[in-house]
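Novice: One structure, pasted below without further comment.
The values are calculated or read from the model by the stated rules, or taken from the named source; none is laboratory data. In this text the structure is predicted, and so the values were computed from the model without any measurement. No Cβ is skipped: glycine too gets one built from the backbone with ideal geometry, and neighbour counts run over all protein chains shown.
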Amino acid sequence: MNLNEWLETNRPKFGSDYEILFAENVLPLVAALSLDSIAVQYPFQDMDKKQRYCDFVILENDDVRIAIEIDGYDKRGTGMGMSHSEFIDWQRRQSALTSQGWYVLRFANTDVRDNPQHCAEHISLLLKRSRSNRSNKELSAEEKKRLDALTKAQVEAIGQLIKDNAAIKYTVASFKETIEHLIKDTSVMKYTVASFTALIFGLVMLIVWQSERFRPVAAPSALPTPQSAMPSPTKPAEQGFAGCLIKGNISSSGEKIYHLPGCGWYEKTKIDRGHGERWFCSETDAQTAGWRKALNCN
């Protein structure tokens, strides 16, 4: 099975666009990796017998057991990052995988997007070390040093992810508390319009900075779709309404993504109204309703 066939077979299992980027841009760079040894959304149970799924695993007999998770500060798409309960759940997943003999690699979304070569190198070195138990051939001193450096960088990246999440929550909570005090204060009129505007402006700038920092980009393999190539809005839409051709899909992870005609997955995306999916007549309508554009739509 070649890479394209493997991607097509596993595409319905991917839980986010970043998992697709990882499969398309990182896995092909991993040295001596057989696609037959990779499983997507691998099922396992935690200590409480709760059914879980790992984004990717590499399994070769009993020598190689590598679990790979692709993480973002706001994986649920709420705009608020992880809640306390989600953070606890995140830690329990990690503990369950480790206790079952898996070596867990966690890559931040931004590393998958911006540093695919480093991600692939980390996996390659870990594969070589795991296979050394079978071949009795250990890593060289230089390879061990490089693996340690990559592991340290990965831990620091995930740690920064958690800090950023906490900073966003603190900022939102502080702003909410400030507004509540303004409302309750009987002398609220002493605050000038200028000072209140400055407060609002500061929050907006923070939100813009955070959104730009974590804004996903389209996969390099995606081809741009010019607006002129879109069908005429008067042309009847397949299974939709006349003039409403934009497909509002909800992924398996609950992420709301819309696809324009001509984009990579437009034809394969089916709209299930019972699942909350819908058609849109314009991108503005889709964005107002809480959907975002697919990464492979430019």
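Novice: Considering only region 82-90, I want to know if a residue exists there that is at pLDDT 90 or above and closer than 21 Å to Phe22 by Cβ.
Specialist: Within region 82-90, none of the residues are at pLDDT 90 or above and closer than 21 Å to Phe22 by Cβ.
Novice: Same structure, new question: Which of the residues that make up region 248-263 are in a loop (DSSP other than H, G, I, E, B) and surrounded by 19 or more Cβ atoms within 10 Å (Cβ to Cβ)?
Specialist: The answer is Leu260, Cys263.
Novice: Sticking with this one: Please note which helices (runs of 4 or more DSSP H) are completely contained in region 3-121 and include at least 2 residues that are without any contact (Cβ under 8 Å) to a residue 60 or more places away in the chain and out of contact with any strand residue (DSSP E or B) (no Cβ under 8 Å at 6 or more places or on another chain).
Specialist: Helices (runs of 4 or more DSSP H) meeting the threshold: 3-10, 84-99, 109-114.
Novice: Whether any residue in region 188-201 is at pLDDT below 60, of a type in the set (Gly, Ala, Ser) and more than 23 Å from the chain's Cα centre (by Cα) is what I want to check.
Specialist: Checked against the condition, which is being at pLDDT below 60, of a type in the set (Gly, Ala, Ser) and more than 23 Å from the chain's Cα centre (by Cα), region 188-201 yields no hits at all.
Novice: Another question, then. What is the residue count in region 29-44 for residues that are of a type in the set (D, E, K, R) and under 13 Å from Ile66 (Cβ atoms)?
Specialist: Going through region 29-44 one residue at a time, the tally reaches 0.
Novice: Do the conditions hold for Asp46, that is, is it at pLDDT below 95, surrounded by 13 or more Cβ atoms within 10 Å (Cβ to Cβ) and not polar (S, T, N, Q)?
Specialist: yes
Novice: Additional query: Check Glu277, Glu267 and return the single one that is out of contact with any helix residue (DSSP H, G or I) (no Cβ under 7 Å at 6 or more places or on another chain), of a type in the set (D, E, K, R) and free of Cβ contacts under 8 Å to residues at least 12 places away in the same chain.
Specialist: None of the other options fit; the residue is Glu267.
Novice: Which condition number does Gly77 fail, the rest of (1) modelled with pLDDT under 80; (2) exposed (fewer than 13 other Cβ atoms within 10 Å of the Cβ); (3) on the phi > 0 side of the Ramachandran plot; (4) of a type in the set (Gly, Ala, Ser) being met?
Specialist: Of everything listed in (1) modelled with pLDDT under 80; (2) exposed (fewer than 13 other Cβ atoms within 10 Å of the Cβ); (3) on the phi > 0 side of the Ramachandran plot; (4) of a type in the set (Gly, Ala, Ser), Gly77 misses just condition (2).
Novice: With respect to Ser132, is the statement that it is among the small types (Gly, Ala, Ser) and modelled with pLDDT of 85 or more true?
Specialist: No.
Novice: Kindly indicate which of Asp63, Asp17, Asp89, Asp55 is farther than 18 Å from Ala294 by Cα, surrounded by 17 or more Cβ atoms within 10 Å (Cβ to Cβ) and acidic (Asp, Glu).
Specialist: Just one listed residue meets the conditions, Asp55.
Novice: Here's something else I'd like to know. Would you pick out the residues in region 264-298 that are in contact with a Leu (Cβ under 9 Å, 6 or more places away or on another chain) and either part of a loop (DSSP other than H, G, I, E, B) or at pLDDT below 90 (or both)?
Specialist: Listed by number, the residues that qualify are Gly264, Tyr266, Cys281, Ala294, Leu295, Asn296, Cys297, Asn298.
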